[in-house]
Amino acid sequence: MIKKHKPFIAAILIFMIMSILSFFILYGVINDKVAAAKEKIHYFTEAQVSQLDRVLSSYIQTAETLKLLIVDSNGNINDFDRVAHQLYNDDNTFRSIQLAPQGDVQYVYPLEGNEGAFGNIFEDPERATEAKKARDTGETTLAGPFELYQSGKGIVVRQPIYLEENGENNFWGFAIVVLNVPEIFDSVHLDSFENMGYEYQLWRIDPDNNKKQIILKSDHELLDDTINLSFEVPGNTWTLSVSPINGWVRSSDLMPVIILAICLSLLIPLLVYTLLKINEQRRRMIDISNRDYLTTLYNGRKMNFVLNDLIARQTSFIFVYLDVDKFKVVNDTYGHLAGDVLLKEIALRIMRYLSREDYAFRVGGDEFVIIIKNNSSTKKTLQIIAEQITEKINLDGFEYYPEVSMGYAVYPNDGKSLEEVIKCADSRMYEIKKHKNI
């Protein structure tokens, strides 16, 4: 059954292999395209991060300048509004510039719109954590964004100020710069990502609750698979995450590969199936040409091929000539159909005895040839064959006991060539017929 469906099974297996192979090829193509797309946007993201870092540094420098002025004046605040006005320079990114001695905001410029900025930072639960960190470490912090007291959102730069007294550094307070969000990012042009077909998020981890805090983002949510570029800001780490609006790979880019994979997955199994069927048909035709139409045993043409092959390989075998005695009498008495039945039954009985390595041929009207390999008991073998063949046969309602005459030759004992082997077996068979007076 399996052999019968071998071409179909082979085609199915090849289709499965091709499908799996196509999957891995497509997977590799997708990965390559994703990697190329990520590499391309990664360079642009790095450039944006560098620009963002420069912008933040320039505003952090404002707080540094205030710090230097306070240190130079030994903690005295002289003409704050004038100095703050010069630093402010009508830049709409600034929301306010402040001074907070001991953490208490007492000086604010401009005052208009920032009246709610006054008060002790350390007493504000939303700002105290980062303010204390700046005070205790002496490091500048970039905090927020926060909801500002008046309105809007802002990022707060806190520059701790220390004054040296008696060889010790004493905390004076903070120089504070509040920057408007999103105005601080205008010069960075993060919206360029959207123009290029990407979404973005600028975020940090809020130290107050250890949760993700969005600083700025595009209109839509990011994909799970993002490009993430983290960079240090004073007192924290910011991350710029980017992902394409329509995914890293467009389906239209994959369509040629998918079509090719489908075509190969179908055409190659179909081609293999067709070739196997053609080969199967060819072998079937060869087999038919080598068989006797009545008994389906091999014919004389096949016999010559097998014998020549065995002799060429010097393989020992028994060559048996078998002739049905009085076959003409059967035809004349019971008819040719009965004769055909007799021949077919004899063929079946011969095949019933033989092993897979042996052969049986019908080489004439009532003549058969048997080739037996690897059998050391020649006479016993022939006796068993004769006994099976001569058992009763029913011929159109009549019981008939076939009779056969057999002659054999053993290669290479009885002959070194094909002609010698055949001649020896033929001679022995006719010797038996002679004794039977047939």
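The values are calculated or read from the model by the stated rules, or taken from the named source; none is laboratory data. Because the structure is a prediction, the values reported are computed rather than measured. Virtual Cβ from ideal backbone geometry, glycine too; neighbours counted across all protein chains shown.
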(message) Every residue in region 213-241 that is assigned to a strand (DSSP E or B), under 35 Å from the mean Cα position of the chain (by Cα) and more than 20 Å from Ser192 (Cα to Cα), please.
(response) none
(request) Could you tell me which numbered condition Leu202 fails, if it satisfies all but one of (1) crowded, with 20+ Cβ neighbours inside 10 Å; (2) in a loop (DSSP other than H, G, I, E, B)? (result) (2)
(message) With closer than 16 Å to Val306 by Cβ, of a type in the set (Asp, Glu), out of contact with any Phe, Trp or Tyr (no Cβ under 9 Å at 6 or more places or on another chain) and surrounded by fewer than 18 Cβ atoms within 10 Å (Cβ to Cβ) as the only criterion, which of Glu399, Glu357, Glu387 stands out?
(response) Glu357
(request) Could you check Glu39 against (1) farther than 24 Å from Pro182 by Cβ; (2) surrounded by 14 or more Cβ atoms within 10 Å (Cβ to Cβ); (3) acidic (Asp, Glu) and say which number it fails? (result) (2)
(message) Among the residues that make up region 330-349, is at least one of them touching a Phe, Trp or Tyr at 6+ places or on another chain (Cβ under 7 Å), without any contact (Cβ under 8 Å) to a residue 40 or more places away in the chain and buried (at least 19 other Cβ atoms within 10 Å of the Cβ)?
(response) yes
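If I ask for residues that are part of a loop (DSSP other than H, G, I, E, B) and in contact (Cβ under 8 Å) with a residue 40 or more places away in the chain, which ones from region 428-438 would you list? Steps first, please.
Kept after step one, since they are part of a loop (DSSP other than H, G, I, E, B), are these residues of region 428-438: 437-438.
Result: Ile438, single match.
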(request) Output the number of the condition that Val49 fails; it satisfies all remaining conditions of (1) part of a strand (DSSP E or B); (2) touching a residue at least 40 places away in the same chain (Cβ under 8 Å); (3) among the aliphatic types (A, V, I, L, M). (result) (1)
(message) When you scan region 109-124, do you find a residue that is closer than 16 Å to Val177 by Cβ, in contact (Cβ under 8 Å) with a residue 40 or more places away in the chain, surrounded by 15 or more Cβ atoms within 10 Å (Cβ to Cβ) and touching a Lys or Arg at 6+ places or on another chain (Cβ under 6 Å), even just one?
(response) yes
(message) Residue pairs, Cβ under 9 Å, 6 or more apart or interchain, first in region 1-24 and over 16 Å from Ala261 (Cα atoms), second loosely packed, with under 11 Cβ neighbours inside 10 Å and modelled with pLDDT under 75. List them.
(response) Ile9/Ile2
(message) Return the residues of region 188-199 that are exposed (fewer than 14 other Cβ atoms within 10 Å of the Cβ) and either polar (S, T, N, Q) or not in a loop (DSSP other than H, G, I, E, B) (or both); say none if nothing qualifies.
(response) Ser192, Asn195
